[in-house]
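A quick write-up on the structure given underneath.
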Amino acid sequence: MRCPFCGHEDSQVKDSRPTDDGAAIRRRRQCEGCAARFTTFERIQLRELVVLKSEGSGGLRREPFDRDKLMRSIAIATRKRPIEALRIEKLASGIQRQLETLGDSEISSKLIGEMVMEGLKSLDSVAYIRFASVYRDFGEAKDFEEFAGNVSEIGGKPAP
């Protein structure tokens, strides 16, 4: 593993432990060149996923699935909410596992967005509304108001 500080090619694993309910391994490493320590994560990847995104011209653009991008979008929706980072991590891991087990290596961005919305709906109603406001691209305040009203009718749960 290349050192992120000095670029040296060799590092030594100092500690390994499971994370995400055994779905990943967290490794503490030390660079043999500069002695800096850093952390890496090893995850199971069942298949290479490609995300199909709609383009303005009606075409499709393909890009590799990026778990970090999924985590960032969930983190933005849950910002300043009383939600543990572990619950966000579990939500992202669960979505990735579902995508990998679908049997298709090409997945639409719309399906991923719907999965995130479902996960956020059961996690925190404010985060759910925040994500939906961007994902559904509300054009007017009226659209936002109608959506928020529907969430309170179905009993969107706040974070514990």
Legend entry - Relative contact order (%) - the chain, alpha-carbon pairs under 8 angstrom, separation at least six: 16
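Counting each DSSP H run of 4 or more residues in the chain as -39500 (n - 2.57), what helix-only mean residue ellipticity at 222 nm follows after dividing by all residues, to the nearest 500 deg cm²/dmol?
That calculation yields -13500 deg cm²/dmol at 222 nm.
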Legend entry - Amide H within-cut-off set for residue 49, under 5 Å, with H built and near neighbours excluded: 65
Legend entry - Kirkwood hydrodynamic radius (C-alpha pairs) into Stokes-Einstein, the chain, 25 °C and 0.890 mPa s, D in µm²/s: 136
Inset, instruction - Can you find, among 82, 112, 131, the residue farthest towards the positive end of the dipole of the chain? Put +1 on the C-beta of Lys and Arg, -1 on that of Asp and Glu. - result: 82
Legend entry - Karplus (6.51, -1.76, 1.60) ³J(HN,Hα), θ = phi - 60°, over the range 52-64, in Hz, Gly and Pro reported as x: 9, 10, 6, 9, x, 7, x, x, 10, 10, 10, 8, x
Inset, instruction - Starting with the fewest neighbours, write out 44, 25 ranked by other beta-carbon atoms found within 10 Å of each beta-carbon. - result: 44, 25
Inset, instruction - Grab the other residues whose beta carbon is less than 9 angstrom from that of residue 50, score K and R as +1, D and E as -1, and report the net. - result: -2
Inset, instruction - Count the net charge of all other residues whose Cβ sits under 9 Å from the Cβ of residue 13, scoring Lys and Arg as +1 and Asp and Glu as -1. - result: +3
Inset, instruction - Report, in degrees rounded to the nearest 10, the 0 to 90 angle that the Cα long axis of helix 125-135 makes with the longest principal axis of the chain. - result: 90
Legend entry - Partners for residue 14 among lysines (Cα-Cα distance below 26 Å; same-chain residues under 8 apart left out): 90
Legend entry - For residue 79, net neighbour charge (Lys/Arg +1, Asp/Glu -1) across residues whose Cβ lies under 12 Å away: +3
Legend entry - In degrees, nearest ten, helix 85-100 long axis to first principal axis of the chain (Cα): 90
Legend entry - Separation of the residue 39 and residue 104 label points, Cα + 7 Å toward Cβ, nm: 3.6
Legend entry - Cα-centre dipole for the chain with unit charges at Cβ (Lys and Arg positive, Asp and Glu negative), debye to 20: 620
Inset, instruction - With no solvent and one equal point scatterer per Cα, compute the Debye intensity ratio I(q)/I(0) for the range 24-83 at 0.12, 0.15, 0.17, 0.18 Å⁻¹ and report its log10, rounded to two decimals. - result: -0.58, -0.79, -0.89, -0.93
Inset, instruction - Rank 38, 52, 93 by how far each Cα sits towards the positive end of the charge dipole of the chain (+1 on Lys, Arg Cβ; -1 on Asp, Glu Cβ) and give me just the farthest. - result: 38
Legend entry - Förster radius 35 Å - calculated FRET efficiency between residue 79 and residue 17 (Cβ-Cβ, nearest 0.05): 0.80
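All of the numbers you see were taken from the coordinates with simple rules; none came from a lab. Quick caveat, the model's predicted, so the values are computed rather than measured. With ideal geometry, Cβ positions are generated from the backbone for all residues, glycine too; neighbour counts draw on all protein chains shown.
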